[in-house]
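The values are calculated or read from the model by the stated rules, or taken from the named source; none is laboratory data. Just so it is clear, the model here is predicted, and its values are computed rather than measured. Heads up, the Cβs are rebuilt from the backbone with ideal geometry, glycines too, and the neighbour counts pull from every protein chain shown.
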Amino acid sequence: MSEAEHSRRTRSPRRGEDWGEGTPAERSEFPHPTRAPRVDLSSPGGGGAPRHDWTREQVRALFDLPFPELMFRAQEIHRRNFDPGAVQISTLLSIKTGGCPEDCAYCPQSARYDAGVRAEKLMSLDAVLAEARTARAAGASRFCMGAAWREPKERDLDNVCAMVEGVKALGLETCATLGMLTAAQAQRLKAAGLDFYNHNIDTSPEFYGDIITTRTYQDRLDTLQRVREAGIHVCCGGIVGMGETREDRVGMIATLASLPAHPESVPINMLVRVGGTPLAGEPKLDPLEFVRTIAVARITMPRSMVRLSAGREDMSEETQALCFLAGANSIFYGPKLLTTSNPGRDRDRDLMERLGMRALEPGD
Ligand code: SF4
């Protein structure tokens, strides 16, 4: 490239200088969205209350915003509702690992895939409480217990209720993820002191059948409704990077944001590609698309805790920092997430310190 050509590519034209036909935007080699599309973010009655009437078109328009504009809008909403320097910290323990009869294509705990996860029995109450004490000492405010079941059997539920009571007595918020629930089971968990129940919709209604065939999208929505009716807070989100399109990410967020009540916690997971599962060979999703998904979740569900969940182990610290800027305000903490690894506690503490962020206390 000649010096003159190099100079023209790396600087703007000076006054009176013309580099050719068309506007500067038309001459550029880069995409040139000249103006951010207008997206109405106001609640129907005004006043900034959460909306439940998000259309796909509106959610798509948010995803399509220029990145700086999207981040700015997400920041505005985040700051209106939360302390941007505070992060809620949850610890997740697998209380019953492996041997699950379901066929979720991302999951190494499914008995259908050979992902090297051994089926184990339900942990004892004492062992769970010992883990909960360790988590509390490490700064967790919420303790989540996950079991690889299609749904809990009655005998198992007795044991889980005892765990919920014990963890609650330690001063921690309690969360469980046990598969599908009947209304009676949800009420029993509520009576034991369960604060949150996690049940993800995973993806869009259209893409769902490519990922799971052993239960329907509607089954998931029904469990969410039973949990809500029992008075338990809902933790519900999904996974990105499973080979879905952006339109599927739009569909997932639009579904969550138009639930009758927004989930109090919205975990957004980046697929962890575990060998032996059908999704092991999926190409990696652009981290900026992950950040966009977080930002759109923040804007559409302004008062929910948006959790940066699985996939952090593979994520740069810069991407995680962008996620916090986009409105993520919760993380899972501790070296393991059910069966996949997570950044160690020291690494997380170090990142929080460097970002000048603090952990939320229970009831903060
Ligand atoms: S995600 Fe849950 S329900 Fe699906 S296979 Fe894994 S443990 Fe079973």
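Take the residues in segment 141-199 that are among the polar types (S, T, N, Q) and farther than 16 Å from Thr223 by Cβ, then tell me which one is farthest from the ligand (Cβ to nearest atom).
Taking segment 141-199 and keeping what is among the polar types (S, T, N, Q), we get 141, 159, 174, 177, 182, 185, 187, 198.
Within this subset, residues satisfying the condition of being farther than 16 Å from Thr223 by Cβ are 141, 159, 174.
Details: Ser141: 24, Asn159: 17, Thr174: 19 Å.
Among those that are among the polar types (S, T, N, Q) and farther than 16 Å from Thr223 by Cβ, it is Ser141.
Using the structure shown, decide if Thr216 is within 15 Å of the ligand (Cβ to nearest atom) and either under 14 Å from Pro263 (Cβ atoms) or modelled with pLDDT under 95 (or both). Walk me through how you get there before you give the answer.
Working: within 15 Å of the ligand (Cβ to nearest atom): yes; either under 14 Å from Pro263 (Cβ atoms) or modelled with pLDDT under 95 (or both): no.
No; evaluated as a whole, the condition is false for this residue.
Is it true that Ser258 is over 16 Å from Val59 (Cα atoms) and either surrounded by fewer than 17 Cβ atoms within 10 Å (Cβ to Cβ) or of a type in the set (S, T, N, Q) (or both)?
Working: over 16 Å from Val59 (Cα atoms): no; either surrounded by fewer than 17 Cβ atoms within 10 Å (Cβ to Cβ) or of a type in the set (S, T, N, Q) (or both): yes.
When the stated conditions are applied, Ser258 does not pass them.
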Item to check | Hits in segment 140-158 (condition: surrounded by fewer than 18 Cβ atoms within 10 Å (Cβ to Cβ) and more than 20 Å from Ala191 (Cα to Cα)) | outcome: Arg150
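Kindly evaluate Ile268 against the criterion of being under 15 Å from Thr91 (Cβ atoms), at pLDDT 85 or above and not in a loop (DSSP other than H, G, I, E, B). First the steps, then the outcome.
Values: under 15 Å from Thr91 (Cβ atoms): no; at pLDDT 85 or above: yes; not in a loop (DSSP other than H, G, I, E, B): yes.
Spelling it out, it is not the case that Ile268 is under 15 Å from Thr91 (Cβ atoms), at pLDDT 85 or above and not in a loop (DSSP other than H, G, I, E, B).
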Checklist entry - So which of Ala280, Ala230 is more than 16 Å from the ligand (Cβ to nearest atom) and hydrophobic (A, V, I, L, M, F, W, C)? => result Ala230
Checklist entry - Does at least one position in segment 263-273 carry a residue that is free of Cβ contacts under 8 Å to residues at least 40 places away in the same chain and either under 20 Å from Ala176 (Cβ atoms) or surrounded by fewer than 20 Cβ atoms within 10 Å (Cβ to Cβ) (or both)? => result yes
Item to check | Matching option when the condition is without any contact (Cβ under 8 Å) to a residue 12 or more places away in the chain, surrounded by fewer than 22 Cβ atoms within 10 Å (Cβ to Cβ) and over 15 Å from Leu93 (Cα atoms), among Ala183, Ala192, Ala169 | outcome: Ala169
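In segment 202-213, which residues are out of contact with any Cys (no Cβ under 6 Å at 6 or more places or on another chain) and within 16 Å of the ligand (Cβ to nearest atom)? First the steps, then the outcome.
Step one: of segment 202-213, the residues out of contact with any Cys (no Cβ under 6 Å at 6 or more places or on another chain) are 202-211, 213.
Asp202, Thr203, Phe207, Tyr208, Gly209, Asp210, Ile211, Thr213, listed by residue number.
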Checklist entry - Of the residues in segment 226-247, how many are under 17 Å from His262 (Cα atoms) and surrounded by fewer than 24 Cβ atoms within 10 Å (Cβ to Cβ)? => result 8
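Looking at segment 111-148 only, could you name the residues that are within 21 Å of the chain's Cα centre (by Cα) and under 15 Å from Gly179 (Cβ atoms)?
Initial filter on segment 111-148 (within 21 Å of the chain's Cα centre (by Cα)): 135, 139-148.
Scanning segment 111-148 gives Cys144, Met145, Gly146, Ala147, Ala148.
With the requirement that a residue be assigned to a strand (DSSP E or B) and within 16 Å of the ligand (Cβ to nearest atom), what does segment 53-98 give you?
Those that are assigned to a strand (DSSP E or B) and within 16 Å of the ligand (Cβ to nearest atom): Leu92, Leu93, Ser94, Ile95, Lys96.
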Item to check | segment 99-123, subset surrounded by fewer than 20 Cβ atoms within 10 Å (Cβ to Cβ) and in contact (Cβ under 8 Å) with a residue 60 or more places away in the chain, residue nearest to the ligand (Cβ to nearest atom) | outcome: Glu102
